[in-house]
Structures are given as structure tokens and as C-alpha cells.
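First the structure, in the form of C-alpha cells, and then the observations on it.
Read-outs throughout are calculated quantities, based only on the coordinates presented, and are distinct from any laboratory measurement. What you see is a predicted model; the values in this text were computed from it and never measured. With ideal geometry, Cβ positions are generated from the backbone for all residues, glycine too; neighbour counts draw on all protein chains shown.
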Amino acid sequence: METENNTTVGQITDLKEKVVTAIKQVYDPEIPVDVYELGLIYEITVYPVNNVFVLMTLTSPNCPSAEFIPSEVKDKIQQIQGISNVEVEVTFDPPYSQDMMSEAAKLELGFL
């Protein structure tokens, strides 16, 4: 199946996997776990023209890295070959909780 811009669903899936891999390179400086495993990423959308939208949160609205983390997420995604445009939006709805962490993150931080 192809979309109108000759990008297949498989290509979008592959690109989304690359986006997740890129996001996993971003860490909260105070926590030794990447932002994806922490559960800070709420949504990743890859559009047929290789534009990427990421909806994410931070551990707290007063997070000292509030400016740094979203811009690093955007920078890492933009480094992927073939990406056209990246938009990262930060939301605090729903508010972050430790329940959003992956099992791996909970294990790393000693919560399991």
C-alpha cells in the first residue's frame, strides 16, 4: 500500500523505529534512564512526507532541563537521514507519574 507521496506504510514504520532509537539517546541529566523508557514520550507521528511530530512531557513543570530535553529530542530526530521537519510539543496533560515508566526503567532505578 502506498500513500500519495510514494511513501509506503512500511517505510513510515521503519522511520518511526529510527525515531524511537534516536529518542532513546536522550537522557534526563538527573536520571540514568532515557526519556523514552521514562515514559516522557506520549506520541510519535510520522507523516508521509517524513515530517515527525512528538508529543512529550517532562517529569515536572519545574524541571531544570525543561529547555534542554525537548530541543535535544528534536536535534536527535533531525539527524536521521530523510527526515524533513520535526515538531516537538511539550504537554503536562496528563501529568507525569512513575507509572509511565517502562519495566526496564523501573528496574534500573530500583523501583522493582
Task: Dimensions in Å of the stretch 9-108 - Rg and Dmax from alpha carbons - done: 13.2, 39
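Among DSSP beta bridges whose residues both lie in the stretch 9-108, state the antiparallel percentage, nearest 5. Please list the in-between numbers first.
Working: 6 of 12 bridges.
Antiparallel bridges make up about 50 percent of those DSSP assigns within the stretch 9-108.
What stretch of the chain, leaving out the sites themselves, is the longest with no GluC sites (Glu not before Pro) in a DSSP loop having at most 12 other Cβ atoms within 10 Å?
Numbers: sites that count: Glu4, Glu30, Glu67.
With GluC sites (Glu not before Pro) excluded where exposed in loops, the chain gives 68-112 as its longest stretch.
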Open item on the list: For the chain, take the longest principal axis of its alpha carbons; what is the angle in degrees between that and the long axis of helix 68-78, to the nearest 10 within 0 to 90?
Closed with: 30
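Using a 10 Å Cβ count of at most 12 others and DSSP loop calls, identify the longest part of the chain lacking such chymotrypsin sites (Phe, Trp or Tyr not before Pro). Spell out each step's value before the answer.
Working: sites that count: Phe92, Phe111.
It runs 1-91.
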